[in-house]
Protein chains: 2
Amino acid sequence: MNLLKNKIEDEGVVLSDTVLKVDSFLNHQVDPELMMEIGKEFARRFKDLGITKVLTIESSGIAPGVMAALQLNVPLVFARKRKSLTLSEGVLTSKVYSFTKQEENTISISSKYIGENDRVLLVDDFLANGQAALGLIDLVKQAGANVAGIGIVIEKSFQDGGKLVRETGYRVESLAEIQSLENGKVTFKQEEARV
Amino acid sequence: MNLLKNKIEDEGVVLSDTVLKVDSFLNHQVDPELMMEIGKEFARRFKDLGITKVLTIESSGIAPGVMAALQLNVPLVFARKRKSLTLSEGVLTSKVYSFTKQEENTISISSKYIGENDRVLLVDDFLANGQAALGLIDLVKQAGANVAGIGIVIEKSFQDGGKLVRETGYRVESLAEIQSLENGKVTFKQEEARV
């Protein structure tokens, strides 16, 4: 998705060989027009799969997730990272380790909002180590629902999450795939040459 | 806003005289079409104020906030409730006590994304005790920016936040004002009679 790649090139800050900061349009400040285009692109890629819900994790997944849900004309559900006092009965939980924050979170959803008839599109801002995506897959399975696909805004292809998540057999679509952050520079994965 | 009031009447769950659960369309599951209409309504009410940014707090403010920002054609910034490892320099913070969760959070924004030339629309899902809104006002003031107005999805008018926040002199627009949750029933504030 060129609009996204251009934005990453223009505004992304490479903090180290593994950390890309995109706080100016995705993780802290959010570009609503870009989110809308991301939502449209996810909808385009997953439109024929009979999706009934979009599931993401708070907080950075919510903006792209709500736009994908809008375009697919289905509800969004966002998993919470901490328990809420008003979210108690019928709670499904999964443990997710965040390498960025160096802590384990329990993510949770209410079983009321994802059930066995649902075909769920998972959306997240980053795919790096894959722990968040695997946690979301686990929640959908616990709910007895089906994972229809996984939509990622930015995949760090040099980390092992993409491989781990694709090994589950689910379709993963990443709108920008980063091959390397070495030498302070963002290098995107080359598109495969067309024959 | 009748669409919102109807949704609250149909799907809101009154848990006590003070707690209204709207997890089916706002706080956990999110209705993207309703969020879009909420965004349009905020934009309509605040459109002539020269707004340059929308500011909200993770997580439930993000969906209505991003739609308001989309309609006003400005960026959204969401304040974080905890410090992130990749959000370090130039951080402005304010303390916010949550009566629902019975804990104090430090909310923070990067000074990079709100500056002295900004006119900021604050958006939040609920106005109850007013602590979150006062924290956001504090952040905008620390940034040297101006608060252009405060847009609230649901105001619990029987709690003192509305009075506290209006005493600051800023314009507050609440799309649904709840007068009472007594007897397990949502009673909206009556519109003032027209002369």
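The values are calculated or read from the model by the stated rules, or taken from the named source; none is laboratory data. Everything quoted here is computed from the prediction, not taken from an experiment. Ideal geometry is used to build each Cβ from the backbone, glycine not excepted, and the neighbour counts take in all protein chains shown. Areas reflect the complete protein model, heavy atoms only, side chains present, ligands, DNA and RNA absent. Shrake-Rupley method; radii C 1.70, N 1.55, O 1.52, S 1.80 Å.
Could you work out how far apart the two model spin labels at B:Glu33 and B:Leu3 are, taking each label as a point 7 Å from the Cα in the direction of the beta carbon, and quote it in nm?
0.9 nm
How many nanometers, to one decimal and shortest first, lie between the label point of B:Arg171 and those of its other copies, if labels sit 7 Å from Cα toward Cβ?
4.7
Greater than 22 Å separation of Cα atoms is the criterion. Which listed pairs, A:Lys112/B:Lys95; A:Lys5/A:Lys185; A:Lys95/A:Lys163; A:Lys81/A:Lys112; B:Lys21/B:Lys189; A:Lys7/B:Lys40, meet it? Spell out each step's value before the answer.
On the way: A:Lys112/B:Lys95 33 Å; A:Lys5/A:Lys185 13 Å; A:Lys95/A:Lys163 20 Å; A:Lys81/A:Lys112 17 Å; B:Lys21/B:Lys189 18 Å; A:Lys7/B:Lys40 26 Å.
Beyond 22 Å between Cα atoms: A:Lys112/B:Lys95; A:Lys7/B:Lys40.
May I ask you to compute the full-extension gain from B:Thr168 to B:Glu11, defined as 0.36 nm times their residue separation minus their alpha-carbon distance, rounded to one decimal in nm? Write out the running numbers ahead of the final one.
Values: separation 157, 0.36 × 157 = 56.52 nm, distance 3.30 nm.
Full extension from B:Thr168 to B:Glu11 adds 53.2 nm.
Taking every residue in B:32-40, how many Cβ atoms of other protein chains lie within 10 Å of its Cβ, on average? Mind showing how you got there, number by number?
Numbers: counts 14, 4, 1, 5, 3, 0, 0, 1, 0.
Mean partner shielding for this stretch: 3.
Would you mind calculating the relative contact order of chain A from Cα pairs under 8 angstrom and at least 6 residues apart, reporting the percent as a whole number?
Working: 384 pairs, mean separation 37.5, N = 195.
The value is 19 percent.
With a cap of 12 neighbouring Cβ atoms within 10 Å, and only residues DSSP puts in a loop, list the GluC sites (Glu not before Pro) found in segment B:76-153.
Values: sites: B:Glu89, B:Glu103, B:Glu104, B:Glu116; in loops: B:Glu89, B:Glu116.
Within segment B:76-153, the qualifying GluC sites (Glu not before Pro) (loop, at most 12 other Cβ atoms within 10 Å) are B:Glu89, B:Glu116.
Place the label 7 angstrom along Cα→C-beta at A:Gly144 and in each other copy, then list the distances from the first to the rest in nm, shortest first.
When each copy's label point is compared with this one, the spacings are 5.9 nm.
So what's the back-of-envelope 222 nm ellipticity for the protein assembly as shown, counting only DSSP H runs of four-plus at -39500 (n - 2.57) apiece and dividing by all residues, rounded to 500?
Values: 10 runs with 108 residues, N = 390.
Mean residue ellipticity, 222 nm, calculated: -8500 deg cm²/dmol.
How large, in Å, is the protein assembly as shown by the Kirkwood hydrodynamic radius built from its alpha-carbon pairs? It would help to have the intermediate numbers written out before the result.
Details: mean 1/r = 0.0469 Å⁻¹.
Across the protein assembly as shown, the inverse of the average 1/r is 21.3 Å.
Given 37 °C and 0.692 mPa s, how large is the Stokes-Einstein diffusion coefficient of segment A:65-149 in µm²/s, with Rh as the Kirkwood radius over Cα pairs?
Details: Rh = 13.4 Å.
Once the numbers are plugged in, D ends up at 245 µm²/s.
Determine the order of B:Phe158, B:Phe46 by accessible area, beginning with the largest, at a probe radius of 1.4 Å. Mind dumping the intermediate values first?
Numbers: B:Phe158 70, B:Phe46 0 Å².
In descending accessible area the options line up as B:Phe158, B:Phe46.
Counting only other chains, and only Cβ atoms inside 10 Å, what mean value do you get across the residues of B:16-28?
Numbers: counts 1, 0, 0, 2, 1, 3, 1, 7, 5, 2, 0, 5, 14.
Neighbouring Cβ atoms belonging to other protein chains average 3 per residue here.
Quick one, what does Rg over Rh come out to for segment B:1-127 if you take C-alpha atoms and the Kirkwood Rh? Don't skip to the answer; put the middle values down first.
Values: Rg = 15.6 Å, Rh = 15.8 Å.
Ratio of gyration radius to Kirkwood radius for segment B:1-127: 0.99.
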